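Let me begin by presenting the structure, written as structure tokens, before commenting on it.
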Amino acid sequence: MTNATDRESVPEPPNPIGMDGIEFIEFTTSRPQALGGVLERMGFRPIARHRSREVELYRQGTMNIIINSQATDIPRTVEPIERPIISALAIRVRDADAAYRKALDLGAWEIPVRARALELNIPGIHGVGESLIYFVDRYDEFSIYDIDFRAIPGVDPNPPAIAGLDFFGIVQYVGIDRTNDWTEFYSQIFGFVAIPDTVRFGIMPRGLLLQSPCKKFYLQLIEPDGAAQYAPIEEQLQRIGLGTPDVIAAASELEKRGIEFLTTDKVHTSERGALTKAVLGGVMFELVHAEAGEAKSLS
């Protein structure tokens with residue numbers, strides 16, 4: 001007799017490009033030192049600089065953040081404003097070229113090659129707004145930073161994370177009635193799966209949560225509401241979510257380092273999450289309670 005659990009077992013969601021988590025998140029700005037100061041207060045440390053471009057690598061625990069101030073790479077939406085924006089997301093995959101070609105087959109838009117002589121060519125596609133999505137397959141013993149970056153002398157290349165902070169996800173602002181369009185984009189090309197509204201993380205109740213097929217991070221799609229519905233719509237990657245098993249401890253340590261958190265009737269620091277005040281024209285970070293491996297355990 002066939003076991004009932006075998007008969008009714010639900011297959012794992014597809015992972016068409018072989019996704020394996022986030023390699024780095026990139027900001028572009030014409031004020032790299034100002035943004036670097038914010039990142040350092042958040043616990044990140046500059047550990048390397050690009051060999052030929054105005055690009056710097058910051059790290060904390062397992063998280064990598066790139067600050068790109070190369071003038072030709074700064075999107076038109078930033079100029080002449082100096083505010084930093086999240087301009088790229090780099091996804092770890094088993095085979096970058098295969099993932100790139102699969103994404104194109106599934107309807108993604110390619111981007112021109114930007115690599116120069118002796119630089120790695122990291123394949124990528126267009127994301128929301130003017131952002132890019134890269135595919136990286138060198139992230140174990142040999143990484144993309146080993147070729148393109150020079151280590152900053154005397155700096156610990158693996159600074160520890162504050163209160164176990166790790167990438168939890170990214171919040172994306174979408175246009176009115178555009179949630180379904182972006183859900184289809186992320187599910188068709190990458191294999192993201194929508195999470196039921198009954199499952200919530202952090203303190204921000206709005207938006208649709210999408211879980212990555214590797215179960216290592218989330219995307220949250222948020223449409224404008226209230227008065228924001230009548231303002232000009234700018235679809236963009238808006239903020240980074242950082243998971244931690246102890247939000248209160250993480251927020252307390254970050255406050256000691258000069259980070260301020262929002263405190264209103266609706267948004268305030270709790271065991272579930274916290275939201276930093278906007279700086280430099282809109283840079284924010286969201287803390288979310290997440291035990292180690294929690295993203296992997298949900299289905």
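Read-outs: derived from the displayed coordinates by stated rules, not from any lab. Computed from a predicted structure; not experimentally measured. Here Cβ is always computed from backbone atoms with ideal geometry, including for glycine, and neighbour counts include all displayed protein chains.
The sum of -39500 (n - 2.57) across all DSSP H runs of n ≥ 4, divided by the residue count of the chain, sets its helix-only mean residue ellipticity at 222 nm to -5000 deg cm²/dmol. Shape call for the stretch 162-297 from the C-alpha gyration tensor, a ≥ b ≥ c root eigenvalues: rounded (a/c under 1.5), prolate (a/b greater than b/c) or oblate? Oblate, because a/c is 1.5 or more while a/b does not exceed b/c. Of VAL279, VAL174, VAL193, the residue with the greatest mean-square motion in the GNM of the chain, using alpha carbon springs below 10 Å, is VAL279. Short-range pairs are left out: with C-alpha atoms under 8 Å and at least six residues apart, the relative contact order of the stretch 19-151 is 29 percent.
A compact globular protein would have a Cα radius of gyration near 2.2 N^0.38 Å; the ratio found for the chain is 1.00. With the simple model of a label 7 Å out from the Cα in the direction of the Cβ, VAL199 to ASN121 spans 3.8 nm.
On full extension, the segment bounded by GLU40 and LYS266 gains 78.5 nm, given 0.36 nm per residue less the C-alpha separation.
Only lysine pairs 8 or more places apart or on separate chains count here, and in the stretch 162-297 those with Cα atoms under 21 Å apart total 4. For the stretch 261-275, take each phi angle, set θ = phi - 60°, evaluate the Karplus expression 6.51 cos²θ - 1.76 cosθ + 1.60, and give the result in whole Hz per residue in order, putting x for glycine and proline. Residue by residue, the stretch 261-275 yields 10, 5, 9, 9, 4, 9, 10, 7, 5, 8, 5, 7, x, 7, 10 Hz. With distances taken between every two different alpha-carbon atoms, the stretch 19-151 has a Kirkwood hydrodynamic radius of 15.3 Å. I need to check one value: relative contact order of the stretch 162-297, counting alpha carbon pairs closer than 8 Å and at least 6 residues apart, in percent. Once divided by the residue count of the stretch 162-297, the mean separation gives 31 percent.
Residue ranges 91-99, 64-72 sort as 91-99, 64-72 when ordered by packing (mean number of other C-beta atoms within 10 Å per residue, highest first). Near MET19: Cβ cut-off under 10 Å, other residues only, Lys/Arg at +1 and Asp/Glu at -1. The net charge is +3.
Considering only beta bridges that DSSP places wholly inside the chain, some 70 percent are antiparallel.
An oblate overall shape is assigned to the stretch 113-197, the ratio a/c of its alpha-carbon gyration tensor axes (a ≥ b ≥ c) being 1.5 or greater and a/b not exceeding b/c.
Antiparallel beta bridges, as assigned by DSSP with both residues in the stretch 162-297, represent about 65 percent of the total such bridges.
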